[in-house]
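Written below as structure tokens is the structure these notes are about.
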Amino acid sequence: MQFDDDAKLDPSQIEDVRASGPQQGGGGGGMMPAGCASLPITGKGGGCLLLLLAVAALFVFKLVPTPLTGDQQPQQGGQAPPRPTLTPSGNLADACQTGADANQSEKCRMVGIVNSIQAYWKHAFAARGGAPYTPARTVLFSRAVNTACGAADSAVGPFYCPGDRKVYLDLTFFDSLQRDFGAEGGPFAQAYVVAHEYGHHVQNLLGTMNRVGNSRQGASSGAVRLELQADCYAGVWANNAVKTGFYSQPFSQTDIDQALSAAAAVGDDSIQRRAQGRVTPDAFTHGTSQQREKWFTVGYQSGDPKRCDTFSGTI
């Protein structure tokens, strides 16, 4: 995974609040300790309804995905507040200017990954017609953060909040992904996780939240189909990433293997087996390891969002 040294980075897409310490705030609650197999649905601020799976270290949100297919046009979903102009934060603007910086620094790598993902989706939405793609910031935090979806801490891992249309990420999650979940790790595992969360942003922008409805748990639930579609969207970006101009060459098989390892590590069956010694399909919220690998691969091999219709047929 090599960035083009001369690629121009846009640090304004990243908000780094780590230097200011834990971002505590009200409106949170509803969380259970990490190690639980699943967590209940809890109402949150900003109109969000979250289904948290702390063991998976991923948030599941009440989003309803609509693939970019058929006659439906992308629409602006939800009731997000007016978006401010994006401006660089922290020292990212000085430290992360080119792809060469992204090749040397983890935080600059995050900038490059986010830039590439959003460049792809901007193009995909424009090619489809209708409403344009609206950028989403990624917030780098430490320990705790306050969001429009409530307060969260690092135990929940990366997540996307529809209420403020931001991706939240504590970089220490990637250490946990290897240490606690047995993933191979590596730069492209990080890229897969970020691309998955931006898949949720795409789902939110398409304005299809009602498709999940009350189907929030179970092997064939709307929640599982939602997550698998986000995995597929991550694969679609990976196929098209070099075309965004941020990478010097297509991803290697080693890169893709890192993504597949991360996808398998956070499969419901793998997590439940580690946490409780047995698999309970009725409690699934993200899909099995095999399903997560499968749908990332579908997206990666096709490079086509239309192939990511996880809401039709078997998964």
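The values are calculated or read from the model by the stated rules, or taken from the named source; none is laboratory data. Here the structure is a predicted model, which means the values were calculated and not measured. In this analysis, Cβ positions are derived from the backbone assuming ideal geometry, glycine residues included, and neighbour counts consider all displayed protein chains. Surface areas here come from the heavy atoms of the whole protein model, side chains and all, with no ligands, DNA or RNA. Shrake-Rupley method; radii C 1.70, N 1.55, O 1.52, S 1.80 Å.
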*Of the residues in the stretch 106-142, how many are open to solvent by 30 Å² or more (accessible area, probe 1.4 Å), among the small types (G, A, S) and in contact with a helix residue (DSSP H, G or I) (Cβ under 9 Å, 6 or more places away or on another chain)?*
2
*Identify, please: which residue in the stretch 219-239 is open to solvent by 10 Å² or more (accessible area, probe 1.4 Å) and more than 17 Å from the chain's Cα centre (by Cα) and is, among those, nearest to S289 (Cα to Cα)?*
A219
*With the checklist (1) at pLDDT 95 or above; (2) within 30 Å of Y133 (Cα to Cα) in hand, flag the one item L206 doesn't pass.*
(1)
*Got a sec? Which of G287, G299 is of a type outside the set (D, E), buried (at least 21 other Cβ atoms within 10 Å of the Cβ), modelled with pLDDT of 95 or more and not in a helix (DSSP H, G or I)?*
G287
*Answer yes or no: is there a residue in the stretch 194-208 that is under 21 Å from C108 (Cα atoms), among the acidic types (D, E) and without any contact (Cβ under 8 Å) to a residue 24 or more places away in the chain.*
no
*Checking G185 against (1) of a type outside the set (K, R); (2) under 20 Å from N239 (Cα atoms); (3) crowded, with 19+ Cβ neighbours inside 10 Å, which single condition isn't satisfied?*
(3)
*Any hit, the stretch 145-168, residues being open to solvent by 30 Å² or more (accessible area, probe 1.4 Å), part of a loop (DSSP other than H, G, I, E, B), polar (S, T, N, Q) and farther than 25 Å from G207 by Cβ*: no
